[in-house]
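The values are calculated or read from the model by the stated rules, or taken from the named source; none is laboratory data. Bear in mind that the values here come from a model prediction, so they are computed numbers and not experimental data. FYI the Cβ positions are ideal-geometry reconstructions off the backbone, even for glycines, and counts take in every protein chain you see.
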Amino acid sequence: MSLYIRLVTALSRLGGVFAILLTASAALVVTQMVFMRYVLNASTVWQTEYVIYALVAATFIGSPYVLLEKGHVNVDLLQTGAPENVKRTMKLLSGLVGIAFCALLAYSGWMYFHEAWEGGWRTETVWAIPLWIPLLPLPLGIGLLVLQYIAEIMKLFGEDA
């Protein structure tokens with residue numbers, strides 16, 4: 001296994017752990033929010049917004065780990081009965097399409113993040129956090145997803161194939 005594959009695998013696993021932590025923190029914040037509202041009759045300001053941003057971030061940052069573990073939706077009806085060289089070609093083509101789509105998404109996400117950073121944009125809520133914070137997981141997670149797709153293609157033609 002090449003150094004690139006090992007490095008991207010480690011980054012994807014780290015993203016998976018971070019996604020789990022974000023999801024767990026969202027669950028804790030929801031619990032705290034329910035307690036504040038219904039037990040203490042206190043208002044909540046930031047909790048709903050945090051939960052939304054944390055779960056979206058977990059989705060993007062955890063996606064490379066899902067690809068690493070072959071957890072994405074996969075229609076393999078045609079692959080099941082195909083010869084090995086056809087399977088490899090189909091996997092290569094789907095990986096290239098995935099790279100193209102994710103690269104465009106990561107680029108546009110980066111441009112949006114950069115505009116928010118440079119413009120000092122903030123959310124239009126009471127919490128009013130800088131908008132670059134919830135926008136960063138898109139280019140970060142999808143950019144890493146591109147790297148994971150490249151690693152998966154490399155595996156197709158490496159020793160592990």
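Some observations on this one:
- Selected residue (only one of Q79, Q148 is surrounded by 11 or more Cβ atoms within 10 Å (Cβ to Cβ) and at pLDDT below 95): Q79
- Of all residue pairs spaced 6 or more apart or on separate chains, those with beta-carbon atoms under 6 Å, a first member in segment 105-116 that is closer than 14 Å to I133 by Cβ and without any contact (Cβ under 8 Å) to a residue 60 or more places away in the chain and a second member that is among the hydrophobic types (A, V, I, L, M, F, W, C) and in a helix (DSSP H, G or I) are G109/L138; Y112/L135; F113/W132; F113/L135; A116/W132; A116/L135.
- Candidates are the residues of segment 84-127 that are part of a helix (DSSP H, G or I), modelled with pLDDT under 95 and among the polar types (S, T, N, Q); the one that is farthest from I61 (Cα to Cα) is N85.
- Hits in segment 92-127 (condition: touching a strand residue (DSSP E or B) at 6+ places or on another chain (Cβ under 9 Å) and closer than 16 Å to N74 by Cβ): none
- If the condition is being in contact (Cβ under 8 Å) with a residue 12 or more places away in the chain, surrounded by 13 or more Cβ atoms within 10 Å (Cβ to Cβ) and under 18 Å from Y50 (Cα atoms), then segment 117-126 contributes only T123.
- For segment 1-16, residues that are without any contact (Cβ under 8 Å) to a residue 40 or more places away in the chain and of a type in the set (A, V, I, L, M, F, W, C) total 4.
- Of all residues in segment 38-53, those that are closer than 20 Å to S25 by Cα and touching a helix residue (DSSP H, G or I) at 6+ places or on another chain (Cβ under 6 Å) total 5.
- Of all the listed residues (A10, A57, A26), the sole one being within 19 Å of the chain's Cα centre (by Cα), within 19 Å of M154 (Cβ to Cβ), at pLDDT 95 or above and not in a loop (DSSP other than H, G, I, E, B) is A10.
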